[in-house]
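To start, the structure itself, in structure tokens.
Since every read-out is calculated from the coordinates, none of them should be taken as a lab result. These numbers were taken from a predicted model, which means no experiment stands behind them. We place every Cβ from the backbone using ideal geometry, glycine too, and count neighbours over all the protein chains shown.
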Amino acid sequence: MLANLPLRHRPPWHFRLAKWMIRHRIPGGYHLVELGERMGWLDCLVRYRLSDRVSVDVPLNRRETQWAEPDLWAYEGRLVAVLALALEALRRPVTWIDCGADIGTLTALTAAHSPQIDDVIAIEPNPQVQDLLARNMTLLPFPARALAVAVADFQGRGRLEHFPTLRSDHSRFLVPDEQGGISVTRLDDLDLPEGKALAIKIDVEGGELAVLQGAANALRNAPAWIVAFEAHRLVAERSGIDPCACVRLLLERGASDAIVAEAPGLRLDPQQPYFEQVRDLKVSNVVCMKRS
């Protein structure tokens with residue numbers, strides 16, 4: 001259980017040294033991290049303070065979250081910046097919904113930059129991180145709940161599978177399975193506040209369009225909304241779903257903007273293949289917005 005790891009308020013010195021060496025391309029940094037893993041020196045949580053109001057606990061013994069403080073601040077930095085501007089433009093309190101929340105890192109970073117967020121629903125089907133996600137939600141300065149489910153366009157059961165060439169927890173995707181161990185729901189079936197703006201982040205490894213199809217009522221009933229979703233070249237090839245299909249759906253439901261966070265000057269054409277327009281980007285994030 002990740003939440004039961006010893007808590008520190010600063011990473012071990014050898015880990016900070018290793019990450020400094022890696023950032024400055026000094027040989028030996030990765031070997032020092034691996035030594036720390038073998039010796040158990042990284043079997044801990046580090047509580048990083050992101051603002052006066054927001055903190056997040058990060059496990060160092062997990063490759064996906066082996067962050068020193070500069071790494072944490074750089075995590076999805078362009079997406080966080082675009083979201084902060086979009087949330088400020090709404091000029092109203094927002095319910096933040098994180099689909100594929102992992103341990104809650106992006107939620108915490110966005111909340112640290114965006115005082116418009118005043119309640120959170122964090123959704124994560126991976127049982128290995130759910131305890132820590134729930135704990136990190138308690139570190140936020142407003143009501144926040146963690147849901148141990150997957151989101152799609154149906155209610156039922158499913159299982160998580162790894163991408164064939166990527167073994168990271170972050171590459172696991174949902175497969176419908178009546179005998180599966182994962183509960184699956186739609187955003188439309190959640191108890192969402194009425195008449196309130198929504199900000200929805202979706203990172204579900206190819207299931208983004210299904211999540212949006214299962215959120216038709218939520219988007220229709222919200223007076224304003226922001227939707228951010230990940231576009232991954234390899235995931236699109238596996239799923240056969242072009243990210244512009246999500247953009248087209250959101251435009252049909254009232255979006256007026258579609259911004260690629262990593263290519264802010266790009267004028268995205270939703271009728272053209274997405275990755276022909278962002279040829280240099282393997283992974284990017286699209287942010288669409290409906291103003292009131």
If you stretched the chain out fully between D257 and H31, how much longer would it get, using 0.36 nm times the residue separation minus the C-alpha to C-alpha distance?
-> 76.9 nm
With the 8 Å Cα cutoff and a minimum separation of six or more residues, the chain has a relative contact order in percent of 14
Positive end of the charge dipole of the chain (Lys, Arg +1 and Asp, Glu -1 on Cβ, about the Cα centre): tell me which of L132, V235, A148 has its Cα farthest that way.
-> L132
Sorted from fewest to most neighbouring beta carbons within 10 Å, what does the list L50, L198, L251 look like?
-> L251, L50, L198
So how far, in whole Å, is the C-alpha centre of segment 14-56 from the one of segment 147-216?
-> 31
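Which value, in debye to the nearest 20, gives the size of the charge dipole of segment 80-238 about its Cα centre, when Lys and Arg are +1 and Asp and Glu are -1 at the Cβ?
220
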Which residue, chosen from I226, S183, L32, occupies the Cα position most advanced towards the positive end of the dipole of the chain, where the dipole is computed from +1 (Lys, Arg) and -1 (Asp, Glu) charges on Cβ about the Cα centre?
-> L32
Roughly how many nanometres apart are two label points built 7 Å out from the Cα toward the Cβ at M39 and N217?
-> 5.6
Exposure proxy check: E88, E69, E178, E205 ranked by fewest other beta carbons within 10 Å?
-> E178, E88, E69, E205
Pop out the ³J(HN,Hα) list for segment 177-184 in order, Karplus 6.51 cos²θ - 1.76 cosθ + 1.60 with θ = phi - 60°, rounded to Hz; leave Gly and Pro as x.
-> 7, 4, 9, x, x, 10, 7, 10
For A255, the net charge from surrounding residues (Cβ-Cβ under 13 Å; K, R +1; D, E -1) works out to +3
Pick out, from V80, C244, A216, the residue whose Cα sits farthest towards the positive end of the charge dipole of segment 75-290, with +1 on the Cβ of Lys and Arg and -1 on the Cβ of Asp and Glu.
-> V80
So the pair-distance distribution of the chain, from every Cα-Cα distance in 5 Å bins, comes to percents of 1, 5, 12, 16, 18, 17, 15, 9, 5, 2, 0
Residues in segment 196-240 that a label on R53 would reach, taking backbone N under 19 Å of a point 7 Å out along Cα→Cβ = 196-201, 226
